[in-house]
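Taking it in order: structure first as structure tokens, then the write-up.
The values are calculated or read from the model by the stated rules, or taken from the named source; none is laboratory data. Here the structure is a predicted model, which means the values were calculated and not measured. So basically every Cβ, Gly included, is an ideal-geometry build from the backbone, and we count neighbours across all protein chains shown.
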Amino acid sequence: MNRRHPLRHASADRKAIREVPDTPQTRAPEYRLAFADDDFLCREELRPVRLQLELLKPQMHLDALGINSTIVLFGGARIPSPSNKDSAATRTLADLSHFYDEAREFARLMTLKSMEAEGKENVIVTGGGPGVMEAGNRGALDAGGRSIGLNIVLPHEQAPNSYVTPELCFNFHYFAIRKMHFLMRASAICVFPGGFGTLDELFEALTLIQTGRMQPVPVLLFGRKFWDSIINWDALADAGTISAEDLELFSFVESAAEAMEIIDRWQDMPTREAMPGR
């Protein structure tokens with residue numbers, strides 16, 4: 001790395017501090033270098049710094065690798081692969097297992113297309129966990145390409161799925177910063193059946209597009225039967241809590257091929273300057 005100034009590098013001091021004499025003074029936590037002091041960095045007053053670091057670390061790494069755009073896959077962690085559907089907690093989850101294969105196939109097809117652009121455009125990104133997320137990363141690997149995993153620390157024991165490209169596997173403390181990274185490069189958002197987390201991610205994206213805070217991109221909901229069974233979309237429009245035009249911000253699809261066709265035909269649209277119905 002080229003230095004832009006003649007001052008000593010911080011990493012050199014971090015290395016040197018390990019060699020200092022062991023004395024009561026050097027053992028005191030106050031003696032630690034501030035940027036190498038985990039206890040200090042975790043103080044409540046340092047939260048703005050930690051937020052910035054979580055934004056910067058993946059951003060700088062993805063920029064360095066030249067990844068310009070992504071295809072986002074959201075979906076339930078509890079949806080099993082068809083081969084494991086007998087272990088599903090409910091009959092409904094077992095019936096939804098075919099979406100694991102659709103997510104995997106979609107990711108495979110999109111990654112093949114991405115590789116035509118040297119793997120810098122439309123790279124698959126998931127939450128890095130099991131279920132639909134695993135299927136997305138697995139499909140990218142099936143195609144011989146790379147994919148991103150944006151993990152988050154949860155109270156229960158968990159680890160990234162084994163299909164995430166290791167050098168593109170990130171870990172987060174803050175849900176908000178993780179959400180930003182999902183959407184900052186998004187050129188399409190594919191949403192499979194899921195629970196609270198999936199719904200949160202879906203409505204966050206729709207709200208940003210609805211309010212003109214994000215340029216419209218294809219938002220594809222896989223499995224209309226599932227989505228219509230849990231959300232009465234028309235009732236929201238009839239009640240006036242959203243406008244009828246807001247129902248055009250997303251589309252329903254059933255298969256990977258159908259999703260690919262919609263994305264291929266997509267024409268860029270301007271960001272909303274006004275909200276219909278307001």
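How many residues does segment 246-263 hold that are under 17 Å from Glu105 (Cβ atoms), in contact with a helix residue (DSSP H, G or I) (Cβ under 9 Å, 6 or more places away or on another chain) and in a helix (DSSP H, G or I)?
Looking only at segment 246-263, we keep the residues that are under 17 Å from Glu105 (Cβ atoms), and these are 253-263.
Retained after the next criterion (residues that are in contact with a helix residue (DSSP H, G or I) (Cβ under 9 Å, 6 or more places away or on another chain)): 253-257, 259-260, 263.
If we keep only those that are in a helix (DSSP H, G or I) too, we end up with 256-257, 259-260, 263.
Adding up the residues that qualify gives 5.
Conditions (1) among the small types (Gly, Ala, Ser); (2) more than 24 Å from Leu199 (Cβ to Cβ); (3) loosely packed, with under 13 Cβ neighbours inside 10 Å, marked per residue:
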residue	(1), (2), (3)
Glu45	no, yes, yes
Arg50	no, yes, no
Glu54	no, no, no
Gln59	no, yes, no
Leu62	no, yes, no
Gly75	yes, no, no
Lys85	no, no, no
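Checking each residue in segment 166-189 for being surrounded by 18 or more Cβ atoms within 10 Å (Cβ to Cβ), of a type outside the set (A, V, I, L, M, F, W, C) and not in a helix (DSSP H, G or I) picks out Arg185, Ser187. Reported count of residues in segment 111-122, each being in contact with a Gly (Cβ under 8 Å, 6 or more places away or on another chain) and either among the aliphatic types (A, V, I, L, M) or within 27 Å of Arg78 (Cβ to Cβ) (or both), is 3.
Identify, please: which residue in segment 53-80 is β-branched (Val, Ile, Thr) and in a loop (DSSP other than H, G, I, E, B) and is, among those, farthest from Cys42 (Cα to Cα)? Don't jump to the end; show me each part of the working.
Narrowing segment 53-80 to residues β-branched (Val, Ile, Thr): 67, 70-72, 79.
From the residues that got through so far, the ones that are in a loop (DSSP other than H, G, I, E, B) too are 67, 79.
Numbers: Ile67: 30, Ile79: 35 Å.
By that ranking, first place goes to Ile79.
Which ones in segment 144-165 are surrounded by 14 or more Cβ atoms within 10 Å (Cβ to Cβ), among the polar types (S, T, N, Q) and assigned to a loop (DSSP other than H, G, I, E, B)? Walk me through it before giving the result.
Restricting attention to segment 144-165, the residues satisfying the condition of being surrounded by 14 or more Cβ atoms within 10 Å (Cβ to Cβ) are 145-152, 158, 160-161, 163-165.
Among the residues that remain, those that are also among the polar types (S, T, N, Q) are: 147, 151, 158, 161, 165.
Selection gives Ser147, Gln158, Asn161, Thr165.
Among the residues of segment 22-35, some residue qualifies, meaning at least one is outside any loop (DSSP other than H, G, I, E, B) and either of a type in the set (A, V, I, L, M) or in contact (Cβ under 8 Å) with a residue 12 or more places away in the chain (or both). Within segment 206-245, restricting attention to residues that are in contact (Cβ under 8 Å) with a residue 60 or more places away in the chain and part of a helix (DSSP H, G or I), the residue that is nearest to Ser97 (Cα to Cα) is Phe226.
The condition (being modelled with pLDDT of 95 or more and surrounded by fewer than 19 Cβ atoms within 10 Å (Cβ to Cβ)) is satisfied by just one residue among Leu112, Leu141: Leu112. Looking at this structure, is Phe99 outside any loop (DSSP other than H, G, I, E, B) and surrounded by 13 or more Cβ atoms within 10 Å (Cβ to Cβ)? So Phe99 passes the test. All conditions but one from (1) touching a residue at least 24 places away in the same chain (Cβ under 8 Å); (2) part of a helix (DSSP H, G or I) apply to Asp200; the one that does not is (1). Reported count of residues in segment 81-96, each being touching a helix residue (DSSP H, G or I) at 6+ places or on another chain (Cβ under 9 Å), modelled with pLDDT of 95 or more and in a loop (DSSP other than H, G, I, E, B), is 2.
The residues of segment 236-266 that are in contact with a Lys or Arg (Cβ under 9 Å, 6 or more places away or on another chain) and of a type in the set (Gly, Ala, Ser), listed by number, are Ser243, Ala256. Being at positive phi and surrounded by 12 or more Cβ atoms within 10 Å (Cβ to Cβ) is the filter here, so list the residues in segment 230-278 that pass it. The answer is Gly277, and nothing else. Listed by first and then second residue, the pairs linking a residue in segment 81-94 that is within 17 Å of Glu134 (Cβ to Cβ) and free of Cβ contacts under 8 Å to residues at least 12 places away in the same chain to a residue that is among the hydrophobic types (A, V, I, L, M, F, W, C) and in a helix (DSSP H, G or I), with Cβ atoms under 9 Å apart and 6 or more places separating them unless they lie on different chains, are Ser87/Ala94; Ala88/Ala94.
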